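Here the structure comes first, spelled out in C-alpha cells, and everything after it is commentary.
The values are calculated or read from the model by the stated rules, or taken from the named source; none is laboratory data. Treat the numbers as computed from the prediction; the structure is a model and nothing was measured. With ideal geometry, Cβ positions are generated from the backbone for all residues, glycine too; neighbour counts draw on all protein chains shown.
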Amino acid sequence: MSPLALTLIVTLTSPAWAQEELEWIDDFTASKKASKLADLPIFLMLTRTGDTNCKKQEIVFQEEKVTEFLNNFILCRLNVGIQTTIKFMNRNRISGVRVPYMILFAKDQRTMMMTSSGLQRSDKFLEIFKAALTELEQGPQLSSVQMITEYLKRSQKAANEKRYKLALENIDKAIAQAYKLKLPKNAEKYQARKNFLDQYGQVKLIDAKKLIKAGNTDDAIATAKRIVLDFEGRIPAKQAKEWLDGLQKDKKYTSKVINVMPLKEGYKKQLEKVKDEPKSKPKSKPKPLVQLTLKDGTTLLGNIVARTGDKIFFKVHSDDPKQRKSKFIKTADIAKEEKVE
C-alpha cells in the first residue's frame, strides 16, 4: 500500500476533531471569512474579562453534548471591553445586555437567528439554540403539499448543478410525502424522475470507460469515484464500484485507484478541454496537498486554506464527504508540516 493511501487511512480512522477543544476566533471579520469558507453559521459570544457568569458559561460549553452541538458553527468570542467589540455592538444595535450574550448568525453573517442574555445551563442552552439551528436548516414551515413542490424544486436545482446525491435525496422525500398524502400516481411520476437520474449515472460510467481507453486514467477513475459517492446504494454506484475493484486488481492501475481523488461534487466541467482558448489572466494554482503531523501523533492530509495569526485554517481530504472537515488548528500544536507530491 502506498504512503499516501496509508495516510488517508490514518486520516479517516483518526477523528482528530472529536478530541480537540472548541476553537474560538477573537475577531468577527476573521469569523465571517471562516464561515464563508466552511459554509457554516456563526455562534458568537460577548464576554467580559473576569466575569463569573462568563467563566461558568465556558464550563457549560465543555460538556460533551454542548461541545458536539457547537461543532455545527464557526465560534467567535468578543470581549466587550475593547474598542472593536464596542463598534461591532453599535453596528448591530446591541446595548444594555448582560454577559455572556450569545448570538446565532445565519450563513449570510448578518441575520440573527437567536440571541440569549446571561448564563444558560446546558439543557436550557440546547433548548434555545437547537430550535434556531433547526429553523435555519429547514427554512420556513410549509404545508404538506407545498413541501412536495419544495422537494422537487430542490431536486431539480441539485440535478442542474450535477449534485446527484442531493437530487436523489429530495426526490425520495417527495415520494415519501406523496404516499403519505395518498397520492400514489404522483409518487410513481417522481419515481420516474429518479430512474432517469440513475440512467445518467450509468451514462457517466460509460464515459469513464471511454476515458480510460483514451489514456485519461486519472479523469476516468475520478469520474467513477464521484459516481460511487453521488449514487450511493443505487445501481450506478454498484456498477462503478465493481469497475474500480476490477481496475485495482490490475497492477497497472492499482496505485491510481488508491490515490486519485474523486471529482468535486457538481463536476464543474472539469473534463471539458477548451481548445484554442484566447490568452487570459493566468489561473491561480491549486493549493498544494499538505500532510500535517500534530504533537499528539495525529496525521492529517489536506490543504491549508488560510493562515491567520497563530492558527491555520485546514481542509481535510477524504473520499467520503462526511469525513471532510475544515477547522482552525493552532500552529503550536503542529509538530511537522510537509508537502505531498
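Out of segment 76-114, which residues are over 25 Å from the mean Cα position of the chain (by Cα) and among the polar types (S, T, N, Q)?
Correct list: ASN79, GLN83, THR84, THR85, ASN90, ASN92, SER95.
Out of the residues in segment 303-337 meeting the condition of being within 28 Å of LEU229 (Cβ to Cβ) and either of a type in the set (Lys, Arg) or assigned by TED's automatic domain parsing to the domain that holds ASP230 (or both), tell me which one is modelled with the highest pLDDT.
LYS315
With exposed (fewer than 13 other Cβ atoms within 10 Å of the Cβ), in the same structural domain as ALA38 (by TED's automatic domain parsing) and without any contact (Cβ under 8 Å) to a residue 12 or more places away in the chain as the only criterion, which of ILE82, ILE86 stands out? Lay out the reasoning, then the answer.
Working: ILE86 fails: exposed (fewer than 13 other Cβ atoms within 10 Å of the Cβ).
Exactly one residue qualifies, and that residue is ILE82.
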- LEU22 passes all but one of (1) within 23 Å of ILE334 (Cα to Cα); (2) of a type in the set (A, V, I, L, M); (3) modelled with pLDDT of 90 or more; which number fails? (3)
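Of all residues being of a type outside the set (A, V, I, L, M, F, W, C) and in contact with a Lys or Arg (Cβ under 7 Å, 6 or more places away or on another chain) in segment 103-136, which is surrounded by the fewest Cβ atoms within 10 Å (Cβ to Cβ)? Just the residue, please.
GLY118
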- Query: Is segment 204-226 home to any residue that is of a type in the set (A, V, I, L, M, F, W, C), closer than 30 Å to SER143 by Cα and not in a helix (DSSP H, G or I)?
  - Reply: no
- Name the pairs whose Cβ atoms lie under 6 Å apart, with the first residue in segment 105-121 and in the same structural domain as GLN57 (by TED's automatic domain parsing) and at pLDDT 80 or above, the second among the hydroxyl-bearing types (Ser, Thr, Tyr) and surrounded by 16 or more Cβ atoms within 10 Å (Cβ to Cβ), and 6 or more positions between them or separate chains? SER117/TYR101
